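Nothing in this text is a laboratory measurement; each read-out follows from the coordinates by a stated rule. Fair warning: this is a prediction, and the values are worked out from it, not measured in the lab. Glycine also receives a Cβ, built like all others from the backbone with ideal geometry; neighbour counts cover every protein chain displayed.
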Amino acid sequence: MSRLAAEAASAGLSGFRGCHHRFRIRMVRSFIRWAALLTASALVAMSCSGSPEHGGGAELVWAVGAIDAKPDGSAQAVADLWNNGHPNGPMVRIEALPQSADDQRQVMAIELNAGLGGLDILTLDLVWTGEFAENGWLADLTSIRGQIREVSLPAPFRSAVWGGKLWAVPYTSDVGFLYYRTDLVDKPPTTWDDLMKVGMDAGRKRGIAPFVGQGAQYEGLVVNYLEYLWAGGGDLFDRDGKEVRFDDKPALQAVEFMRNARQTGLYAPGFSDMREEDARKVFQSGNAVFMRNWPYAYKELVSQGSKVAGKFNIAPLPTFDGNGTTSALGGNNLAVSRSSDNPKAAKEFVEFVATTPGVQLLLAKQHSLGPTMASVYGDPDLAADPVMALRGRILPQAKTRPPTPEWSEISDEIQQHIFPAYNGGREQPEEAIKAIRAFLKLTVVEG
Amino acid sequence: MTPTSAERTRPRLARTRGSIRRQLERIELEWSQTPGKLRLARALLVFVCLLTGLVAATSVRVRADAQREIDRRTGPLSSNAIETYRSLADADATVATEFLLGRNELSDLRARYDADIGRAASSLARAGTQAGEQGLTAARIADISALLPIYTGLVEQARANHSRGSSEGVPSLRQASDLMQSTILRRAEALMRNETKRLDSQYERAGSVPVSALVLGAVNLAVLLSVQVLLFFKTRRVFNAGLLASTAAVLGVLLWGMMVFSMSHQDLERSHQHSQSVTDGLGQAQIASLQARGSEVLSLLAVDSGSYEQGFSARMARLSRNDGAGGALGVARSFAKDGERRASVEAAVVEARAWLTAHGRVSLLRDAKRYEEAVALAVGNDRAGSATAFNQLDTTLATAVALERTAFDRDIGQSQGALAGLPAGTVLLACVSAAGAARGIGQRLEEYR
């Protein structure tokens, strides 16, 4: 074989050598011309196909829930900051999604699953990280992991990580507050038993309910239950999310406290129908001693029509042994859609939002949204604001709900068992805990 | 060569080692002489031809089996799951509508509700037997099956209250509807997602490129060609009938295989698209529209229409965000490649828009406390009413889904048909090529006798 090739080559060369030298020059020149022509056309062809980033959308579409998507809302303010700094584009445009978190998730799920490129940046409830990542809907943000880790608080950062990779950036954070009536209670209780005692006394004296929180059968119930669980030192999974913990003692203590609270009247009547707004309204009309709610309620409670303006204060939630505090972490993260037309710019935008103090301060000062950047809490204006100061105190001890892809089903399962267990349904606390544990084990096996 | 007594007494290992060494020496001896080389070449060729045939046939078999699984099992299961979800959502919307109508119009709706519940129950039963005992899927199916009688019980109670004229009628209906929407349907959705994922991985298995078969085929050809070239240099004879036949057989298998496989792959991909068009687009649109209808009707029944109104908007956004640019119809549009399917998706988008407009009118009437007119517009036969718009959309979507399902069946059938005969044919041609190689080299060997 090789002998043949060698013979052919030598034949060619000898042929060339055999030519008159003028012919040789012409041959060389035409060869060069052909080579140049071919190279040029190849280059043109390559540049015509172009890179998707240059051709991609001239705008970035940011999906935001209806409340924040208003023209004078927080999202537009952030988008304006970016747009002013990027006059040559790409500009960020807000796309309003339905109001409730569940509905937002549904709309995004349908489009992301089919790979529609209509949404570039997504506002995700922090419990969706695992699910969205596992379904392959998010772009991997490992390239900016270092920068994000450096500036963000640990719990919000952890809520954006799944399977060892960074899938979102922290955007806003929320923690649970204990609201209490200053005209009825001397100082905020540090244990739940104290709260029960003080609350029942004051409630009886005034003829109002001791405590309101979120007891309806929805995610809020799970948040309330988890806060009792964590307050007793328990948890659902271990740190890595690989093994089920859910020990009997703290799990039972939590649900039995709730059951007791309902039976003794610690929980207000109608507690099992209450969500955030219902609880706020009861407290705002002066009909409760204590309330568990998110910081958003504060603004309403100090406003004009509020019956408790000037008569209440905020504090960290109690625990069972009186040490420290705990709270469920709420809030939103921002992620980049994997089917985005312009992922590079989208990643720059989310990095901008998560690491620019100006953005976080704007969210905090103008829109009362909790920052996720550690440094921002040192700002003197924020430190002077009681709500922000308390957020800063609680955040380091806040816990995230497990970022597993099966979270919505686990939440469903917990709701289904805890609700009847505390609300006088046919389920006994022990059965409820056992059923939940069995379900948790199933998710770990299949996960 | 029989072993001598001395050899027999040697320990077994040494004997084996000795025999391996003797084999190698024998091969070296063969290789040093032309007839030996030829014999080795023949052995190698026969082995390679048969091996290629075996590997290729197995690759095709595996993929054909995966396709059959899709056709018989995973495909139907996935549409089963979506049917369960749709039937349940339809039942809920139908029951709510009952409450707005007069007594004599009830029988149709009752029949529809009963059919829905029956369909959901049987789909669940089928899914249950497929899923087996363990695992998350089985737990979900068991949950839904357990909750279904609770739901139907609540519905009966609500109906009884309503016909008695009790004020408990609507609240108990809301209870039933809440159970369905927030608990049962979420489980059904998880079930649906699971089945779709399983189908997707089955498709991946069925459509993967048979790399090992291709590589072996190329190696086979290379070996055949190089043997023929070497023979040419040695013997100065170009054509060797046996080896040529062998090469032709291998080439034949490769070309036939590649052609048939790419045809099958095209059909397979198309069937996948049709299936996805339903699970990710049209099916989702059906569900979103049914849930929106439920919200619309409940907003007229319940005193606090606010949350139901919000629910309606959210579900319409899920159906068709930005007038068909996004949402389930946006997805369906991205899957609709040809004119007919495109047309039905566009029609659905237009009908969704018409429904939104009609609903706007219903809301206005309701908020102005003109309840009777609002109800009439919502459930009556008024051409401009929301019942007409919803029913039209429902029909368009059902037709489109049926079209996709027919197309899916056709394409998966064609894809399987294309592969028919390939495994057997591959094995046959592999034997032919082995035989040809043996014959061809055998001919040359004869010249050395």
In the range A:182-279, what is the volume of the convex hull around the alpha carbon atoms, normalised per residue and reported in Å³?
116 Å³
At q = 0.11, 0.18 Å⁻¹, base-10 log of I(q)/I(0) for the range A:300-447 (Debye sum, equal scatterers on each alpha carbon):
-0.72, -1.17
Based solely on C-alpha atoms, express the radius of gyration and the Dmax of the range A:348-419 in angstrom.
16.2, 45
Among B:Leu393, B:Leu109, A:Leu395, what is the fewest-to-most ranking by other Cβ atoms within 10 Å?
B:Leu109, A:Leu395, B:Leu393
Whole-number value, in Å³ per residue, for the convex hull of the alpha carbons of the range B:226-269 is 60 Å³
So between A:Arg93 and A:Arg145, what do we pick up on full extension, going 0.36 nm a residue minus the alpha carbon distance?
16.2 nm
Based on the alpha-carbon gyration tensor of chain B, what equivalent-ellipsoid semi-axes (square roots of 5 times the eigenvalues) come out, in whole Å, largest first?
71, 25, 14
First check a/c for the range A:56-156, with a ≥ b ≥ c the square roots of the eigenvalues of its C-alpha gyration tensor; if it is under 1.5, answer rounded, and if not, answer prolate when a/b is larger than b/c or oblate otherwise.
rounded
Using r as the Cβ-Cβ distance of B:Asn322 and A:Asp194, and R0 as 41 Å, what FRET efficiency do you calculate, to the nearest 0.05?
0.20
Put one equal scatterer on each alpha carbon of the range B:82-198, apply the Debye formula with no solvent term, and list log10 I(q)/I(0) at q = 0.16, 0.17, 0.21 1/Å to two decimals.
-0.72, -0.79, -1.10
For the residue pair B:Leu428 and B:Glu204, what label-to-label distance in nm results when each label sits 7 Å from Cα along the Cα-to-beta-carbon direction?
3.6 nm
Provide the FRET efficiency to the nearest 0.05 for the B:Thr406-B:Gln175 pair, computing r from the beta carbons and using R0 = 41 Å.
0.55
When B:His272, A:His367 are ranked with the fewest other C-beta atoms within 10 Å first, the list becomes A:His367, B:His272
Give me the lysines in straight-line cross-link reach of A:Lys344: C-alpha distance below 24 Å, same-chain residues under 8 apart excluded.
A:Lys165
For the range B:16-57, what class follows from the C-alpha gyration tensor (a ≥ b ≥ c being the square roots of its eigenvalues): rounded when a/c is under 1.5, otherwise prolate if a/b is larger than b/c, else oblate?
oblate
Relative contact order of chain B, please, whole-number percent, based on alpha carbon pairs below 8 angstrom and at least 6 residues apart.
25 percent
Is there a simple number for the mean count of other chain Cβ atoms within 10 Å of the Cβ of residues in B:187-196, and what is it?
2
Using bins 20 angstrom wide from zero, how does P(r) for chain A break down, in % of all Cα pairs?
22, 46, 17, 8, 5, 1
Would you kindly calculate the translational diffusion coefficient of the range B:40-132, applying Stokes-Einstein with the Kirkwood radius from alpha carbon pairs, for 20 °C and a viscosity of 1.002 mPa s, and quote it in µm² s⁻¹ without decimals?
123 µm²/s
Sort the range A:171-235 into rounded, prolate or oblate with this rule: let a ≥ b ≥ c be the square roots of the eigenvalues of the Cα gyration tensor; rounded if a/c is under 1.5, and if a/c is not under 1.5, prolate when a/b is larger than b/c, oblate otherwise.
prolate
So what is the orientation-averaged projected area of the range B:184-223, using the convex hull of its C-alpha atoms, in nm²?
2.6 nm²
Taking every residue of A:412-418, the Cβ atoms of other protein chains inside 10 Å of its Cβ average out to 2
How charged is the neighbourhood of B:Ala325? Take every other residue with its Cβ under 11 Å from the Cβ of B:Ala325, and add Lys/Arg as +1 and Asp/Glu as -1.
-1
Rg and Dmax of the protein assembly as shown, Cα atoms, in Å?
36.1, 121
Taking Cα atoms, how many degrees apart are the long axis of helix B:169-178 and the longest axis of chain B, rounded to 10 and kept between 0 and 90?
20 degrees
Among beta bridges that DSSP assigns inside the protein assembly as shown, antiparallel share in %, nearest 5
60 percent
Expressed in angstrom, Rg and Dmax over the Cα atoms of the range B:112-260 are 31.9, 105
Karplus (6.51, -1.76, 1.60) ³J(HN,Hα), θ = phi - 60°, over the range B:81-87, in Hz, Gly and Pro reported as x
4, 6, 5, 4, 4, 5, 4
What's the angle, to the nearest 10 degrees (0 to 90), between helix B:34-69's Cα axis and the longest principal axis of chain B?
10 degrees
Just grab the label-to-label distance for A:Lys441 and B:Gln266, each label 7 Å out from Cα along the Cβ direction, in nm (one decimal).
5.3 nm
Which helices count as membrane-span-like in chain A under these terms: full DSSP H, at least 15 Å along the axis by C-alpha, Kyte-Doolittle mean of -1.0 or more?
A:2-18, A:21-49, A:74-85, A:101-113, A:219-231, A:248-264, A:343-355, A:407-422, A:429-446
What distance in nm lies between label points placed 7 Å from Cα along the C-beta direction at B:Arg236 and B:Val215?
4.2 nm
Which of the GluC sites (Glu not before Pro) found in the range B:189-265 are loop residues per DSSP with 11 or fewer other Cβ atoms within 10 Å of their Cβ?
none
For the range A:353-419, what does the relative contact order come out to in percent, with C-alpha contacts under 8 Å and a separation of six or more?
18 percent
Would you order A:Thr372, B:Thr279, B:Thr16 from fewest to most other beta-carbon atoms within 10 Å of each residue's own beta-carbon?
B:Thr16, B:Thr279, A:Thr372
